[in-house]
Structures are given as structure tokens and as C-alpha cells.
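The structure appears right after this line, and notes come after that.
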Amino acid sequence: MGQREELLAGAKRCLVEKGYAHTTARDIVATTGAHLGSIGYHFGSKDALLNAALLETFDAWGDAIAEAVVAEPGDAPLARFRRFLDGVLEVAHEQRSILVASVQAYAQAEFAPEVRDQLVASYTASRRELAALVLDLPPAEVSADQARRYGSLALAVINGAVLQWVLDPRSAPTADDLVQAIAGLTGSGR
């Protein structure tokens, strides 16, 4: 592992252990053994390094979610969505540190254009992928309108459920709770 990668790994550890606001450049170099000047050389600033680490944790969270998808072809859309939510919430238990670090990316997006741009790109792709999952279509066949409607709904439910889980896992809704609520609002079954 090169010094740049070591700094990223150290920054991710610090994000998990201390959070974005409480991580200093000295904390990062203490975990890596690097020199303080190496942060500036490789990233320009501590904030740029932390932002790069946030983006990597956000990507890791997305990868963990993708691996958790266990929807069955032929299931009704709500059943497919419930299976997906079950996978997301199961991964949350296993990947809490990555999840908490990823959540910090949302707050940083307001102040770091590169973080905002990465999140926008990630959400654009996720909307299409989630709509494809729920509608049982290949992603290439999902229309822009379907991605905007179904993918955005899926992201809103996922983000809300995950944030509730981060705050209080014991009282957070289950996938079944959420799907039953959606079904109740629409008057449809599973």
C-alpha cells in the first residue's frame, strides 16, 4: 500500500472512530505513521483527504447493499422491495461503521462540491438500479420517469430507514413494517 492509500485508510479509521468534525490532520498521521506534510502533498488539505475517505466509504456502503439484494424474479414489486430492504437492514448491522461514515457524506455535500457531485452521480445511478430491481426490468429498460419515481421512492425509504436505524436500532422500522405501510397507503396487497 502506498502512502496515499495509507492516508485514505487512516482517514477512514478516523471517520469511524472520531467522526468528520473531530478528526484532525494529526489524528490521521498518527494512525498511519505518515508525515503531516504528506496530506498536503497527496490531497491538498485534510478536508480534501476526509472528503475522499467519505466518498470511498459511501461507495463501500453501496457495494455492501448491492451484495445484499436477494429479490426473486417474478415477485410482485412490493415483495421485491421488501426483500431488498431486508438485505439493506441486515447489512446495516454488519457494516455500522461504514454506514455511519457514509451518513457523514450528506452533511459534507453542502460544503464540498466534489462530495456533492459524487453523491448526485451515485443517486442518479441508484435510482435506475433500484427502479429496475423493484419493477423487475433490466436497468437499460427503465425509463427516466420510472427511475425518478420508483427509484426516488426507494432511496427515500432506504435513507429514512437507515437513519432511524443508526439513531435507535431497537425502534427502527423493519422492512416488513415499511412495505405494509406503503401497501396500506396504496390499498394494494403484497
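The values are calculated or read from the model by the stated rules, or taken from the named source; none is laboratory data. Worth saying up front: this structure is predicted, and the values here are computed from it rather than measured. Cβ atoms come from the backbone with ideal geometry, glycine included; neighbour counts cover every protein chain shown. Surface areas here come from the heavy atoms of the whole protein model, side chains and all, with no ligands, DNA or RNA. Shrake-Rupley method; radii C 1.70, N 1.55, O 1.52, S 1.80 Å.
Observations on the model:
- The Cα atoms of region 91-158 cover 33, 30, 17 Å along the three principal axes, with the biggest extent listed first.
- Across the chain, Cα pairs under 8 Å and at least six residues apart give a relative contact order of 19 percent.
- Couplings 3J(HN,Hα) for region 104-111, derived from phi with the Karplus relation 6.51 cos²θ - 1.76 cosθ + 1.60 (θ = phi - 60°), are 5, 4, 4, 5, 6, 4, 5, 10 Hz, where x marks Gly and Pro.
- Cα long-axis angle, helix 175-186 against the chain (0 to 90 degrees, to the nearest 10): 50 degrees
- Rounded Å value of the spacing that divides the Cα centres of region 1-41 and region 110-145: 30 Å
- Matching the structure-derived Cα extents along the principal axes in Å against the labelled list (i) 60, 37, 29; (ii) 48, 36, 25; (iii) 54, 41, 31 gives the label (i).
- With Cα atoms, 0 to 90° folded angle of helix 3-18 axis to the chain main axis: 70 degrees
- Cβ-placed point charges (K, R +1; D, E -1), dipole of region 44-152 about Cα centre in debye, nearest 20: 300 debye
- Taking the chain as a Gaussian network of alpha-carbon nodes connected by springs under 10 Å, the highest mean-square fluctuation of the residues ALA172, ALA11, ALA101 belongs to ALA172.
- With K and R counted +1 and D and E -1, the other residues having a Cβ less than 13 Å from that of SER143 yield a net charge of +2.
- Leading residue at positive end of dipole, the chain (Cβ point charges), from GLN146, SER45, VAL103: SER45
- Whole-number accessible area per residue in Å² for the chain, which is evaluated in the context of all protein chains at 1.4 Å: 53 Å²
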